[in-house]
Amino acid sequence: MIQSFDAVIVGGGIVGAACARSLSQKGMRLALVEQGEIGAGATAAAMGHIVVLDDSPAQLALTRYSQLLWKQIAGGLPREVEYHQRGTLWVAADDEELENICRKHSAYRQAGIPSELIDAQSLASIEPALRSGLAGGLLMPEDVVVSPQAAARALLQQANATLVREKAVAMGSGRVTLSNGDELRAPIFINAAGEGAPALTLGLPVAMRKGHLAITRPYPGFLRYQVVELGYLKSAHVTTTDTVAFNVQPRQNGQLLIGSSRQFGAKGREVEPGIMARMFERATEYLPALPTLAIERTWTGFRSATPDKLPLIGPSLKDETVFLATGHEGLGITTSLATAQLLADLIAGRTPAIPIAPYLPSREIAAAPSAQRL
Ligand SMILES: Cc1cc2nc3c(=O)[nH]c(=O)nc-3n(C[C@H](O)[C@H](O)[C@H](O)COP(=O)(O)OP(=O)(O)OC[C@H]3O[C@@H](n4cnc5c(N)ncnc54)[C@H](O)[C@@H]3O)c2cc1C
C-alpha cells in the first residue's frame, strides 16, 4: 500500500512526538512511524530532568530555550506528566569545585537565568540528608522534572498525526519503506529514531552511551531538590572510560531516582551489578543514609551521543528531504521541544528564536581526541 503525507516522522520517542506536535501546528498532514510503544525507547529510561547546562554557548542556548518552551506548555500537560519545577542543587565537594560553581553562577547571571549560590552552612540546612563538609552549592530554581514517557504520550496527543505502528526499514528519496512492504511518500522526512537513526541515515556521527538508573520505594521528604555533584559534568565528558556520578532526583510521590552512569562500547541492555555498585557507592559518598533505602527497580538505557555533544537538527548531508532530530545524548527530554520548534521554523522558512547553525548536521563537528572512539 502507498500513502502520501506532507511529512513523515520516524520515531515516537520524546523527540519525534515533539516534532509531530510542532509540525501539526503548521497544519501539515503527518504520519508518525513507531515500531513499539510511544516513548518506550531512551525516553522511558531517562530521569526526566529538564535542566539548563552551559558546557558551550550553544548548549546553554538550546537547553534554556527548551526549558522556557516546556514552561509555556506546562499548564496544558496532563497530570500523569508530573511536570514539577523542582529545582536543581549542584553541590561542590571542595574549593576547586566551588570556584567552578561561582563561574557557572556568573555565566547564568549574564544569560539572565536565575541561580543562587548556597554556602556550606545553608546547604546543610536545606538538604540535611547531604553529608557534612561539602563546600557549597548552586541552586537552579527553574529546573524541572517530568515523567518522560508520559510526556512523550502527551505531546503526541496534542499532535494531529496518523500513527503507523510498523518498523521503517528505509528512508529517503521521497519515501519511507515499512517492514510490511508499505510505502509512505512525502516531501519531508524526520529521522527521530533514536538508537535506530543510524540505520536509516547511514554515516551519522553518533555512538550509543549506556546508562544505569535505580529507583527506591517512596521516602517523602528525604530530598527537596534534584541534587547533583558538580563532578557530573566532568564525568559526562569522559569518552574513554566508564564513569559514574552522584545525581539523585526526588519524585513527587517521594521515590528517589538514583543515577547515573555512562559507558561507551557497552552493547547489552542488562543491568551490570559492578556499575550499579559503583553508582551507589558514589551516591552514598554524598547521601550517607542511602544504603538504608529499599531499591524497587533498576534499568538501563542508551544515550545517542555526537562527538561535539550537540544534537543533529536539520537536513541530512545526503538527502535534503531527510531532516535529522537525533544525537541528544543526556539532554533529549530537555531539548525535545526546542529541537521540534527549530525544525518547524526551518521547514516553514521562519527565523528561529535562537541561531540553528550550531546544531545543523552540516556543521564542522569538532571531535575531541578521545571522541574518536565514537
Ligand atoms: C539513563 C538515562 C538518563 C537520562 N536522563 C535524562 C534527563 O534527565 N534529562 C534529559 O533531558 N535527557 C535524559 N536522557 C536522554 C534522553 O533519554 C534521550 O536524549 C531522549 O529520550 C532521546 O529521545 P528520542 O526520541 O530521540 O529517542 P527514543 O526515546 O529512543 O525514541 C526513538 C523511537 O524510535 C523508534 N524507532 C527506532 N527505529 C525505528 C524504526 N526503524 N522504525 C520505527 N520506529 C523506530 C524506537 O522504538 C523509539 O521509540 C537520559 C538518557 C538515559 C539513557
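The values are calculated or read from the model by the stated rules, or taken from the named source; none is laboratory data. All of these numbers come straight from a predicted model, not from anything done at the bench. Cβ placement follows ideal geometry from the backbone for every residue including glycine, while neighbour counts extend to all protein chains displayed. Surface areas here come from the heavy atoms of the whole protein model, side chains and all, with no ligands, DNA or RNA. Shrake-Rupley method; radii C 1.70, N 1.55, O 1.52, S 1.80 Å.
Descriptive notes on the structure:
- This model, with +1 at the C-beta of Lys and Arg and -1 at the C-beta of Asp and Glu, gives region 270-374 a dipole about its Cα centre of some 100 debye.
- Partners for Lys309 among aspartates and glutamates (Cα-Cα distance below 13 Å; same-chain residues under 8 apart left out): Asp54, Asp55, Glu329, Glu364
- The antiparallel fraction among DSSP beta bridges confined to the chain stands at about 65%.
- Between region 34-113 and region 169-226, the Cα center-to-center distance that results, in Å: 20
- The chain, helix-only ellipticity at 222 nm - DSSP H runs n ≥ 4, -39,500 (n - 2.57), divided by all residues, nearest 500: -8500 deg cm²/dmol
- Each 10 Å bin from zero holds the following percent of Cα-Cα pairs in region 288-330: 23, 28, 20, 17, 9, 3.
- With every protein chain in place, the chain: carbon and sulfur % of accessible area (1.4 Å): 51
- Region 237-339 - Rg (one decimal) and Dmax (whole number), Cα, Å: 16.8, 55
- Computed from the Cα positions only, the extents of the chain along the three principal axes stand at 65, 44, 42 Å, in decreasing order.
- For the residue pairs Lys26/Lys71; Lys104/Lys267; Lys71/Lys210, the alpha carbons lie more than 25 Å apart in Lys104/Lys267; Lys71/Lys210.
- Its residue count N sets the reference 2.2 N^0.38 Å, and the alpha-carbon radius of gyration of region 82-126 equals 1.27 times that reference.
- Max mean-square fluctuation residue, GNM over the chain, Cα-Cα springs under 10 Å, options Thr177, Thr306, Thr243: Thr177
- If you run the Gaussian network model on the chain, springs between alpha carbon atoms under 10 Å, then out of Lys167, Lys104, Lys267 the most flexible one is Lys267.
- Measuring nothing but alpha carbons in region 127-279 and taking Rh as the Kirkwood radius, the Rg to Rh ratio lands at 1.05.
- Counted without the sites themselves, the longest stretch of the chain free of GluC sites (Glu not before Pro) in a DSSP loop having at most 15 other beta carbon atoms within 10 Å is 38-269.
- Rolling a 1.4 Å probe over the heavy atoms of the protein chains gives region 116-176 an accessible area of 45 Å² per residue.
- Taking amide H positions as modeled 1.01 Å from N, with prolines and chain starts lacking one, the residues under 5 Å from Ser4 and 5 or more places away or on another chain are Arg185.
- For Val164, the residues whose modelled amide H falls within less than 5 Å of its own, excluding neighbours fewer than 5 places apart on the same chain, are Leu32, Val33, Glu34.
- Taking the three principal axes of the alpha carbon atoms in region 5-150, the coordinate ranges are 58, 31, 25 Å, sorted in descending order.
- The Cα trace of region 56-134 gives Rg and Dmax of 15.5, 43 Å, the first to one decimal, the second as a whole number.
- Highest-MSF residue in the chain out of Pro352, Pro273, Pro307 [GNM, Cα springs under 10 Å]: Pro273
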